[in-house]
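Take a look at the structure set out below.
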Amino acid sequence: MGNYDYLIVGAGLFGAVFAHEAALKGKKVKVIEKRDHIAGNIYTREEEGIQVHQYGAHIFHTSEKEIWDYVNQFAEFNRYTNSPVANYKGEIYNLPFNMNTFNKLWGVVTPAEAQAKIDEQRAVLNGKTPENLEEQAISLVGTDIYEKLIKDYTEKQWGKPTTELPAFIIRRLPVRLTYDNNYFNDTYQGIPIGGYTQIVEKMLDHENIDVEINVDFFANKEQYLKEFPKIVFTGMIDEFFDYKLGELEYRSLRFENETLDMENYQGNAVVNYTDADTPYTRIIEHKHFEFGNQEKTIITKEHSKTWEKGDEPYYPVNNDRNNRLYQSYKKLAEAHKNVIFGGRLGHYRYYDMHQVIAAALQCVRSEIK
Ligand code: FAD
Ligand code: UDP
């Protein structure tokens with residue numbers, strides 16, 4: 001077993017940050033990854049001179065200078081600012097919900113007029129504190145935006161009625177009374193020039209780290225548990241325990257890629273289709289993340305689906321039922337002193353990249369003094 005201090009299961013961002021920091025502190029680390037490449041869901045690959053985000057659009061954003069400086073060690077970032085647009089039956093609206101959206105929808109010009117319109121529409125809630133995504137959305141932006149830009153998109157994305165989804169999901173999106181189409185409020189934002197894979201490659205490029213791809217932990221779980229003093233597990237926490245308390249819910253995705261013989265297909269990196277009839281949630285045109293002017297373009301239609309065994313579990317579904325079940329798994333995990341659970345699947349949390357880096361740094365710092 002080569003006298004390793006740690007076995008890291010999963011070469012995604014959490015596993016890579018942990019491995020990198022542990023290696024810098026002199027620990028010997030083995031990383032196993034069941035896919036045929038490193039970098040997990042932030043994996044990008046080059047095709048037609050374009051960096052393709054294989055597992056969906058990834059835009060790095062954070063307000064923490066420490067995290068921004070940390071990630072900038074591994075790549076140079078461009079000035080990309082995410083400004084997706086919504087296509088509702090051919091009508092185009094700016095996102096996130098801001099004065100451009102309100103002006104197009106209602107013809108209002110001033111923030112006071114927009115606020116009055118929102119207040120008038122949210123009156124249907126009679127002052128009730130929002131308890132689910134539908135109520136939260138109406139409370140933030142009123143019924144018109146909820147009907148055209150939120151309800152059907154959300155039900156396609158999550159496969160559940162908005163009344164059965166937690167309110168926090170819609171609070172991810174800023175609502176602004178300014179003419180500002182920046183999807184994020186964070187201080188720092190950008191796309192690594194040349195893609196994300198290089199970041200994980202550089203993190204794992206250390207003499208103390210060995211990486212093996214195409215290796216599934218569950219093919220040899222008991223042996224790994226016996227032979228490695230410590231394991232960092234970034235896969236699904238319920239799978240680790242053989243689903244013995246029941247299955248957590250995940251959302252999976254299906255990506256449909258097309259290479260088109262044209263320079264510019266949709267004029268934006270991300271277009272959301274917010275109606276119920278379009279089967280996909282969004283179309284990504286990858287070249288626009290890096291302001292590309294290649295002769296061809298590559299687009300990806302993102303379809304959301306119920307996770308079944310064998311699918312990639314892209315999103316945890318953090319409703320009350322699943323959060324309670326996760327807490328029970330977490331108790332089991334705490335009894336496994338030699339296994340550290342981490343990342344989006346190990347913590348069953350809707351983490352963005354900056355949050356994964358912060359969680360991994362905190363974890364490795366408390367683990368290795
Ligand atoms: P993962 O990337 O899932 O890595 C876990 C790894 O473990 C995987 O490679 C997996 O194959 C491997 N693994 C699992 N089980 C086993 C096993 N049994 N044996 C061996 N290996 C195993 N974040 C942002 O900040 N900005 C964005 O714009 C953004 N957009 C996103 C869009 C989509 C569609 C999705 C799904 C996520 C997005 N994210 C975004 C979130 C981001 O992808 C995650 O925060 C981050 O990739 C999580 O890293 P991780 O290491 O926790 O998980
Ligand atoms: N959302 C929506 N309409 C949109 C974009 C987002 O209703 O055009 C809602 C939807 O419920 C989604 C949530 O806002 O799940 C969070 O959106 P985000 O873009 O952060 O989702 P992600 O990129 O993580 O899939």
Check your understanding: Looking only at residues in the range 210-242 that are among the hydrophobic types (A, V, I, L, M, F, W, C) and within 18 Å of Val364 (Cα to Cα), which one is surrounded by the fewest Cβ atoms within 10 Å (Cβ to Cβ)?
Key -> Phe228
Check your understanding: What number of residues in the range 129-147 are surrounded by fewer than 17 Cβ atoms within 10 Å (Cβ to Cβ) and either hydroxyl-bearing (Ser, Thr, Tyr) or at pLDDT below 95 (or both)?
Key -> 1
Check your understanding: Of Gly40, Gly49, which residue is within 22 Å of the chain's Cα centre (by Cα), farther than 30 Å from Asp277 by Cα and not basic (Lys, Arg)?
Key -> Gly40
Practice item. Kindly indicate whether any position in the range 171-188 is outside any loop (DSSP other than H, G, I, E, B) and surrounded by fewer than 16 Cβ atoms within 10 Å (Cβ to Cβ). Key: yes
Practice item. Take the range 289-318 and flag every residue that is of a type outside the set (Lys, Arg), within 16 Å of ligand 2 (Cβ to nearest atom) and more than 23 Å from Asp242 (Cβ to Cβ). Key: Phe289, Thr300, Glu302, His303, Ser304
Exercise for review: Among the candidates Tyr153, Tyr80, single out the residue that is of a type in the set (Phe, Trp, Tyr), touching a Gly at 6+ places or on another chain (Cβ under 7 Å) and within 16 Å of ligand 1 (Cβ to nearest atom).
Suggested key: Tyr80
Study note, to complete from the structure: Flagged in the range 341-369 as more than 13 Å from ligand 1 (Cβ to nearest atom) and small (Gly, Ala, Ser), in numbering order, are Ser366
Practice item. Hey, can you tell me all the residues within the range 334-352 that are more than 21 Å from Asp320 (Cβ to Cβ) and assigned to a loop (DSSP other than H, G, I, E, B)? Key: His336, Lys337, Asn338, Gly342, Asp352
Check your understanding: Across the range 248-277, what is the total count of residues that are at negative phi and either polar (S, T, N, Q) or outside any strand (DSSP E or B) (or both)?
Key -> 18
Check your understanding: Of the residues Glu308, Glu302, which is under 26 Å from Thr154 (Cβ atoms), at pLDDT 95 or above and part of a strand (DSSP E or B)?
Key -> Glu302
Check your understanding: Does Gly90 fit the bill of being surrounded by fewer than 15 Cβ atoms within 10 Å (Cβ to Cβ), within 16 Å of ligand 2 (Cβ to nearest atom) and not β-branched (Val, Ile, Thr)?
Key -> yes
Review point. Looking at the range 276-297, which of its residues are touching a His at 6+ places or on another chain (Cβ under 7 Å) and more than 16 Å from ligand 1 (Cβ to nearest atom)?
Key: Pro279
Exercise for review: Kindly check whether there is at least one residue in the range 278-289 that is surrounded by 17 or more Cβ atoms within 10 Å (Cβ to Cβ), in contact with a Leu (Cβ under 8 Å, 6 or more places away or on another chain) and assigned to a loop (DSSP other than H, G, I, E, B).
Suggested key: no
Check your understanding: Looking at the range 44-161, what helices (runs of 4 or more DSSP H) fall wholly within it and have at least 1 residues that are aliphatic (A, V, I, L, M)?
Key -> 65-72, 99-106, 111-122, 133-145
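Residues checked against (1) among the hydrophobic types (A, V, I, L, M, F, W, C); (2) more than 20 Å from the chain's Cα centre (by Cα):
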{"position": "His61", "(1), (2)": "no, no"}
{"position": "Trp68", "(1), (2)": "yes, no"}
{"position": "Lys89", "(1), (2)": "no, yes"}
{"position": "Gly107", "(1), (2)": "no, yes"}
{"position": "Leu133", "(1), (2)": "yes, no"}
{"position": "Gln136", "(1), (2)": "no, yes"}
{"position": "Asp144", "(1), (2)": "no, yes"}
Practice item. Return the pairs, sorted by first residue and then second, in which the second residue is within 10 Å of ligand 2 (Cβ to nearest atom) and basic (Lys, Arg), the first residue lies in the range 74-97 and is under 30 Å from Val200 (Cβ atoms), the beta carbons are less than 8 Å apart, and the residues are 6+ apart or on different chains. Key: Pro84/Arg282
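The values are calculated or read from the model by the stated rules, or taken from the named source; none is laboratory data. Not measured: the values here are computed from a predicted model. As a convention, Cβ positions derive from the backbone with ideal geometry for all residues, glycine included, and neighbour counts pool all protein chains shown.
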